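Please treat every number below as a calculation from the coordinates, not as lab data. Computed from a predicted model, the values in this text were never measured in an experiment. Glycine gets a Cβ as well: all are built from the backbone with ideal geometry, and neighbour counts include every protein chain shown.
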Amino acid sequence: MRVRFWGVRGSLPSPGPSTVRYGGNSVCVEVRLADDTCIVLDAGTGIRQLGNALAAEAHRTPIHLFITHGHWDHIMGLPFFGPVYTPDTTIVLHATTERSVRGFRKADIFDVAHFPVAFTELPARFQRVEEFGNHRVGSATVRHIELNHPGGATGFRVDDADGTSICYLTDNELDPPGERASTPEQLARFAAGTDLLIHDAQYVADDMPAKRGWGHSVVDQVLALARDAEARAVALHHHDPDRDDAALDAIAEHAARWTRAHAPALRAHVAREGLTIASHDSRDLATAATIGAPRS
Ligand SMILES: [Zn+2]
Ligand SMILES: [Zn+2]
């Protein structure tokens, strides 16, 4: 399995000279299974360049799309995803909850008010899989869990037939005020032993308590979850739009210190555009990968 980050920003894209190293596109992650099936997690603005890459490789097999929730940073790239305009492309819309069934059926972003092309006018073939249990996708099984986020969000775990796995948990507040959809213990069980935990880490300790209840987690909470889940690697994801490259470098240094002290076997990454991780070997992660670099 191979994971590539095409967008790592939460809330709003944040392009510009101060974010050029980590990237300003909103969230989108590509997962390639052992059998080369393509799964796309979220459709933020990063999905535009993924579409270009799929076109460049003349990708022909179905593209499987899972959306965590309908907040705009997770869907706003979809009208600019080239494969939706390609008639011989099949895009499978995977709904795992009532909320996601409604979201895909309404397709608000293609309501002509938000974008000029209606969903029914898109040339691609769309298939809907509306199943609230596990989804079988190519060589993998995709499971889901409800997250702590205003309006709800769904996290996913992809287990490939070769034994590798990733978890994608965003947007999620690990210590929310009030009722929880999932406790940290339930989330740790869901992510148990995964090769790579990708988790919302929008905030640092100084952001609290002002941003408690906003639906996102603090870096240290995410590192502790990864340790408790015995994940092999964690990727801090969904960065605050105001977090510039220097601030994200500081988070990377903080995470390295934290893991040395509390979880020496855990490898911590700060997600950035172009980061590619082969989850069968998270000890030797391809941290040098950049956008445009050839796949290996
Ligand atoms: Zn978000
Ligand atoms: Zn959200």
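Brief remarks follow.
- Centroid-to-centroid separation of the stretch 182-247 and the stretch 21-52 [C-alpha atoms, Å]: 20 Å
- Overall Cα dimensions of the stretch 1-153 - principal axes, largest extent first, Å: 42, 37, 32
- For GLY7, the residues whose amide H sits under 5 Å from its own are CYS28, ignoring neighbours fewer than 5 places away on the same chain, with H placed 1.01 Å from N.
- For the stretch 147-204, dividing the convex hull volume of the Cα atoms by the residue count gives 82 Å³ per residue.
- The fraction of Cα-Cα pairs per 10 angstrom bin, counted from 0 for the stretch 161-284, comes to 13, 47, 33, 6, 0 percent, rounded to whole percents.
- Kirkwood radius for the stretch 182-230, taken over all pairs of different Cα atoms as the inverse mean of 1/r, rounds to 11.3 Å.
- Two-site label geometry, ALA53 and ASP162: point separation in nm, points 7 Å out along Cα→Cβ: 1.7 nm
- The calculated pair-distance distribution of the stretch 211-270 uses every alpha carbon pair, bins of 10 angstrom beginning at 0, and gives 22, 54, 24, 0 percent.
- Placing unit charges on the Cβ atoms of the charged side chains and taking the dipole of the chain about its Cα centre, the candidate lying farthest along the positive direction among HIS199, GLY138, GLY24 is GLY138.
- Percentage relative contact order, the chain, counting C-alpha pairs under 8 Å, at least six apart: 18 percent
- Residue order, fewest to most beta carbons within 10 Å, for SER11, SER217: SER11, SER217
- Charged-residue dipole, Cβ positions (Lys, Arg, Asp, Glu), the chain about Cα centre, Debye nearest 20: 360 debye
- Taking max minus min of the alpha-carbon positions on each principal axis, the stretch 89-227 gives extents of 46, 41, 22 Å, largest first.
- Nearest-ten-degree value, helix 219-229 long axis tilted from longest Cα axis of the chain: 90 degrees
- Dipole magnitude for the stretch 86-243: about 380 debye, using +1 per Lys or Arg Cβ and -1 per Asp or Glu Cβ, origin at the Cα centre.
- Structure-based [θ]222 nm, the chain - -39500 (n - 2.57) summed over DSSP H runs of at least 4, per residue, nearest 500: -5500 deg cm²/dmol
- Of the beta bridges in the stretch 139-269, as assigned by DSSP with both residues counted there, near 50 percent are antiparallel.
- Once exposed loop GluC sites (Glu not before Pro) are cut out (DSSP; at most 11 other Cβ, 10 Å), longest piece of the chain: 58-178
- Set the Cα radius of gyration of the chain against 2.2 N^0.38 Å, with N its number of residues, and you get 0.93.
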